[in-house]
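What follows is a single structure, written as C-alpha cells, with notes after it.
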Amino acid sequence: MTYGEKVLDHYENPRNVGKMDADSEDVGTGMVGAPACGDVMRLQIKVGEDGVIEDAKFKTYGCGSAIASSSLLTEWVKGRTLDDAEGIKNTEIAEELALPPVKIHCSVLAEDAIKAAVKDYRDKHLDAIEDNASAVAN
C-alpha cells in the first residue's frame, strides 16, 4: 500500500499532539475507537467565549492514516465555530489525504471524534445553564 505525501507528512510530523484538562469548562473531549482495527483517538477542543475553537489537541493510537487524519483535523477545526467543525465530513479528510479505500475508516474515526468533542463541550454548557436556572428558581 502506498501513502500519499500528505499522509506521510502528518504521520512523520503530527500537528497538535497533546492533552488538555478534560474537566475544564472550555474544553470538549471526544474519545472514539474503531473495532475493525483497534485504533483509538482522543480529540480535544478549546472553545472561546465567542463559540470559536481556539485550539485542538489529539492523541491517537493507531496506524499512520489514523494519526494523519487526527493531525489534519486539528488544523482544520481551529478558528471554526462548533457547528462548522461538526460539519466536517470524513470524505473531506479522506480526499485531502488521498487515503486508500482500505483506510477510509480512519477518516470516519476523525469525523466521529470531532462530533463527540463538540457534544461533550455542549453537554458541559447545558449542565451549567440548567444549574444556573435551578439556582435562580430557588
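Bear in mind that the values in this text are calculations on the coordinates, not laboratory data. All of these numbers come straight from a predicted model, not from anything done at the bench. Don't worry about glycine lacking a Cβ; one is built from the backbone with ideal geometry, like all the others, and counts go over all protein chains shown.
Condition check: in a helix (DSSP H, G or I), touching a strand residue (DSSP E or B) at 6+ places or on another chain (Cβ under 6 Å) and crowded, with 16+ Cβ neighbours inside 10 Å. Does residue 70 satisfy that? Spelling it out, residue 70 is indeed in a helix (DSSP H, G or I), touching a strand residue (DSSP E or B) at 6+ places or on another chain (Cβ under 6 Å) and crowded, with 16+ Cβ neighbours inside 10 Å.
Within region 73-102, track down each residue that is surrounded by 22 or more Cβ atoms within 10 Å (Cβ to Cβ) and touching a Ser or Thr at 6+ places or on another chain (Cβ under 7 Å). The answer is 93, 94, 97, 99. Pairs meeting the criteria (first residue in region 88-115 and without any contact (Cβ under 8 Å) to a residue 24 or more places away in the chain, second residue buried (at least 17 other Cβ atoms within 10 Å of the Cβ) and of a type in the set (A, V, I, L, M, F, W, C), beta carbons under 6 Å, at least 6 apart or on different chains) are 90/108; 104/94. Whether any residue in region 49-65 is crowded, with 16+ Cβ neighbours inside 10 Å, in contact with a helix residue (DSSP H, G or I) (Cβ under 7 Å, 6 or more places away or on another chain), touching a residue at least 60 places away in the same chain (Cβ under 8 Å) and part of a helix (DSSP H, G or I) is what I want to check. Looking for residues that are crowded, with 16+ Cβ neighbours inside 10 Å, in contact with a helix residue (DSSP H, G or I) (Cβ under 7 Å, 6 or more places away or on another chain), touching a residue at least 60 places away in the same chain (Cβ under 8 Å) and part of a helix (DSSP H, G or I), one finds at least one in region 49-65, hence yes.
Of the residues making up region 33-47, those that are in contact (Cβ under 8 Å) with a residue 40 or more places away in the chain and either crowded, with 20+ Cβ neighbours inside 10 Å or charged (D, E, K, R) (or both) number 7.
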